[in-house]
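These notes are about the structure you will find just below.
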Amino acid sequence: MALDPSFLGRCYPAAGTYQVGREKIREFAEAIGDDNAVYRDPSAARACGYSDVIAPPTFAIILALRAQRVLVCDPELGLDYSRVVHGNQSFTHHRPIRAGDELAATLHVDGVRTMGGNDMLTVRCQITDAAGDPVTTARSVLVVRRENR
């Protein structure tokens with residue numbers, strides 16, 4: 001079943017906030033194998049001009065995936081998540097994510113199309129801080145493999 005093209009242009013508002021903590025940043029850096037001290041040591045981060053430890057650039061995927069969950073679980077879209085392959089991911093950072101940030105993520109559906117017999121879903125996640133200032137823009141392309149090909 002093809003994805004519903006009327007989803008193009010839809011916006012899913014933030015469903016709450018995410019509190020960024022030092023331990024969450026440290027665990028993420030450890031999980032990806034990045035031992036940069038600015039992700040673990042507040043003194044090292046301050047020496048580099050940051051107010052506290054900062055997160056690795058791909059940390060924003062945590063918020064992006066949480067925001068995408070609302071869309072992919074929407075029964076009206078017609079998406080079988082077991083058939084989804086992550087096609088592309090990019091981040092535009094407006095500033096580093098820091099320990100102590102309270103972040104919100106709003107999801108936008110920027111594209112719904114068929115290509116090569118598969119459906120392509122392009123989404124943009126706008127991550128903002130408590131003041132509403134932009135922190136990161138995450139863009140994803142999800143490829144939904146069709147059945148019975």
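The figures follow:
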| quantity | calculated |
| --- | --- |
| Hey, G111 small (G, A, S), at pLDDT below 95 and either surrounded by fewer than 19 Cβ atoms within 10 Å (Cβ to Cβ) or over 19 Å from D74 (Cβ atoms) (or both) or not | no |
| Test: A138 is out of contact with any helix residue (DSSP H, G or I) (no Cβ under 6 Å at 6 or more places or on another chain) and touching a residue at least 60 places away in the same chain (Cβ under 8 Å) | no |
| Verdict on V143 being crowded, with 16+ Cβ neighbours inside 10 Å and either in contact with a Pro (Cβ under 9 Å, 6 or more places away or on another chain) or in contact (Cβ under 8 Å) with a residue 60 or more places away in the chain (or both) | no |
| Checklist (1) over 18 Å from F7 (Cβ atoms); (2) of a type outside the set (F, W, Y); (3) touching a Cys at 6+ places or on another chain (Cβ under 8 Å) applied to L107, failing item | (1) |
| Selection count, the stretch 114-149, where residues are of a type in the set (D, E) and at pLDDT 95 or above | 2 |
| The one condition in (1) modelled with pLDDT under 95; (2) farther than 27 Å from D133 by Cβ; (3) in a helix (DSSP H, G or I) that E30 fails to fulfil | (1) |
| When residues of the stretch 19-59 are limited to those that are farther than 11 Å from A99 by Cα and either in contact (Cβ under 8 Å) with a residue 24 or more places away in the chain or in contact with a Gly (Cβ under 6 Å, 6 or more places away or on another chain) (or both), the one surrounded by the most Cβ atoms within 10 Å (Cβ to Cβ) | A29 |
| Residue that is farthest from Y18 (Cα to Cα), among those in the stretch 88-124 that are among the β-branched types (V, I, T) and within 15 Å of the chain's Cα centre (by Cα) | T122 |
| Test: residue in the stretch 33-42 that is assigned to a helix (DSSP H, G or I) and among the charged types (D, E, K, R) | no |
| Residue within the stretch 2-11 that is over 30 Å from R145 (Cβ atoms), of a type in the set (K, R) and either modelled with pLDDT of 95 or more or not in a helix (DSSP H, G or I) (or both) present | no |
| Filter result for the condition that a residue is of a type in the set (S, T, N, Q) and either free of Cβ contacts under 8 Å to residues at least 12 places away in the same chain or farther than 26 Å from F28 by Cβ (or both), over N88, N118 | N118 |
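The values are calculated or read from the model by the stated rules, or taken from the named source; none is laboratory data. Just so we're clear, the structure is a prediction, and the values are computed from it rather than from any experiment. Cβ sites come from the backbone with ideal geometry, for glycine too, and all protein chains shown count toward neighbours.
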